[in-house]
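Report on the following structure.
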Amino acid sequence: MNSDIPLQLLGGLTAREFLRDYWQKKPLLIRQAIPDFESPIDADELAGLALEEEVESRLVIEHGERPWELRRGPFAEDEFSKLPEKEWTLLVQAVDQFVPEVSELLENFRFLPSWRVDDVMISFAAPGGSVGPHFDNYDVFLLQGHGKRNWKIGQMCDSESPLLQHADLRILAEFHETEEWVLEPGDMLYLPPRLAHCGVAVDNCMTYSVGFRAPSAAEVLTHFTDFLSQFLTDEERYTDADAKPAVDPHQIQHDALDRLKSLLAEHMSDERLLLTWFGQYMTEPRYPELVVGPEDVEEEDFLAALQDGAVLIRNPSARLAWSEVDDDLLLFASGQSRYLPGKLRELLKLICAADALHADNLGEWLTDEDGRSLLCELVKQGSLGFADE
Ligand code: SIN
Ligand code: CO
């Protein structure tokens, strides 16, 4: 995509300008980011999702059984009818995995890598509803979907920022307001990580939050070293074949640290392994139980189905990305990786980008043995599946 075209979504900024001046740095209010936006789902449909076992949802009731009561879904239908008239919020995670029209919204954000996107959460709030002043550790685009919401932003926070005593919610004890806006449908507010914010519903309102994934340094280190250690043998150890006689046998000298540093550096700088781990980690599905393939698929039947007009679509819970290292290609699919020959480059791009794969757009790839077997593997793994007629 051309990153120098002004985008309505970014209030007329180009993707390049937005990334340079705002992304991860400062907030941006965009009036009519999506002009005349109409939410593809209404409050009843959102509440309906929150009844489902596989959907992650929460209710925050400001004056519930205790202040800022948090209830976790799935909910029973009659719970909604017992809610107060005002000051509560229903939040439903990953609606993009359940409602295709919500997933389509993500097309607007393709100036960012798709593997950085986490999910689209949708909240419905009764008048006065809010989840309290707080900060998130991730970037977020808050798109107003229905009704009006008052957003206040405040100070930059960190793990030292004082919080209210609350078992489940991280509500800020202090909020130093710097700006305030009322957002209407189609308006959007971008917030960088750790900026204090508080949204209060003016009337019955729905807000879409496009959230991002960014592993913490602790996660990177823990998970990458776990991954790496699978490839190491017990013989690979701290060695000191260059040791000199100890001056004081009880002292750990800095030459020991230098040896440790080179042991770490040797393994940590393995680019192939780092890439493999990172791609797997960033494509791990939010709900792995929703990415399961059929028990067995015969390549012959699979091919016949496609030739008969069947359409393959990405499992909405699957995540795909690709990369290259030396002359090899890597396909990451829902937490797994495959090294593939360079000739499959265009197929990988098609698999990651296309809404639907069928005999027409797959064309020649169906006659390529590697291409065919890759598609079939992805069906077996559950990342791709045949669309219902
Ligand atoms: C909400 O939609 O009520 C909360 C979204 C947020 O503040 O991150
Ligand atoms: Co937030």
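The values are calculated or read from the model by the stated rules, or taken from the named source; none is laboratory data. None of the values given here were measured: they were computed from a predicted structure. Heads up, the Cβs are rebuilt from the backbone with ideal geometry, glycines too, and the neighbour counts pull from every protein chain shown. Surface areas here come from the heavy atoms of the whole protein model, side chains and all, with no ligands, DNA or RNA. Shrake-Rupley method; radii C 1.70, N 1.55, O 1.52, S 1.80 Å.
Brief remarks on what is shown
- Rounded if a/c under 1.5, otherwise prolate or oblate - the range 8-212, Cα gyration tensor axes: oblate
- Placing dummy labels 7 Å off each Cα toward the beta-carbon, the span from E77 to E235 is 6.7 nm.
- In terms of accessible area, using a 1.4 Å probe and ignoring ligands and nucleic acids, E52, E266, E160 rank largest first as E160, E266, E52.
- GNM top mover of R259, R149, R110 - the chain, alpha-carbon springs below 10 Å: R259
- The range 226-283-the range 22-89 distance, computed between alpha-carbon centres (Å): 47
- Considering only chymotrypsin sites (Phe, Trp or Tyr not before Pro) in DSSP loops that have at most 13 other Cβ atoms within 10 Å, the longest stretch of the chain without any of them is 1-230.
- Helix-only arithmetic for the chain: the sum of -39500 (n - 2.57) across DSSP H runs with n ≥ 4, divided by the residue total, places the mean residue ellipticity at 222 nm at -7500 deg cm²/dmol.
- Carbon/sulfur fraction of accessible area - the range 22-107, other protein chains in place, 1.4 Å, %: 45
- In summary, the lysines within cross-link reach of K152, defined as a Cα separation below 18 angstrom excluding same-chain residues under 8 places away, comprise K25, K26.
- Net charge dipole size for the chain [Lys, Arg +1 and Asp, Glu -1 on Cβ; Debye, nearest 20]: 1560
- Considering only L49, L362, L331, the mean-square fluctuation computed in a Gaussian network model of the chain, springs between alpha carbons under 10 angstrom, is largest for L362.
- The chain shape via C-alpha gyration tensor axes, a/c threshold 1.5: oblate
- Efficiency of FRET between E299 and S216 - r from beta-carbon atoms, R0 51 angstrom, step 0.05: 0.80
- Of the solvent-accessible surface of the range 288-386, computed with a 1.4 Å probe over protein heavy atoms with every protein chain present, carbon and sulfur atoms account for 45 percent.
- Bridgeable lysines around K261 (alpha carbons under 22 Å apart, same-chain partners fewer than 8 residues away excluded): K244.
- Probing with 1.4 Å while keeping every protein chain in the model, the per residue accessible area of the chain equals 54 Å².
- In sequence order, the range 144-150 has phi-based couplings of 6, x, 6, x, 10, 9, 8 Hz under the Karplus curve 6.51 cos²θ - 1.76 cosθ + 1.60, θ = phi - 60°, and Gly or Pro positions carry x.
- Among S334, S39, S317, residue whose mean-square fluctuation peaks in a GNM of the chain (springs only between Cα atoms under 10 Å): S39
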